[in-house]
Amino acid sequence: VLVEGGAGLAAGLLAAGLVDRLVWFHAPGVMGAEGWPSAGPLHVAPLARMPRFRRVSVAAVGEDVMTEFEKEPG
């Protein structure tokens, strides 16, 4: 299932362990704090509990970069 939503939905799915794959687009610019967050608070303490992914591919898409990640086993 493809899910494209806001930071709250992304955080909820990540915290529940329901994300198997991420596709992340990076632009060659920096927005800083004025940008929209990609995920909300995950409340992961200690950091060892944070969702972990491994990079499986990187590709240029025009001026942007698309990076794909898969969930790490465990």
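Residue-wise test of (1) assigned to a helix (DSSP H, G or I); (2) modelled with pLDDT under 90.
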site: V1; (1), (2): no, yes
site: G5; (1), (2): no, yes
site: L13; (1), (2): yes, no
site: A33; (1), (2): yes, yes
site: A39; (1), (2): no, yes
site: L42; (1), (2): no, yes
site: R54; (1), (2): no, no
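The set of residues in the stretch 6-37 that are open to solvent by less than 70 Å² (accessible area, probe 1.4 Å), in contact (Cβ under 8 Å) with a residue 12 or more places away in the chain and within 11 Å of the chain's Cα centre (by Cα) comprises A7, A10, A11, L14, V19, L22.
If you go through the stretch 45-62 and keep only what is surrounded by 11 or more Cβ atoms within 10 Å (Cβ to Cβ) and either in contact with a helix residue (DSSP H, G or I) (Cβ under 8 Å, 6 or more places away or on another chain) or over 18 Å from L22 (Cβ atoms) (or both), you end up with just P51.
The values are calculated or read from the model by the stated rules, or taken from the named source; none is laboratory data. Because the structure is predicted, anything quoted here is derived from the model rather than measured. Positions of Cβ are backbone-derived with ideal geometry, glycine not excepted, and every protein chain shown enters the neighbour counts. Accessible surface areas use protein heavy atoms only, side chains included; no ligands, DNA or RNA. Shrake-Rupley method; radii C 1.70, N 1.55, O 1.52, S 1.80 Å.
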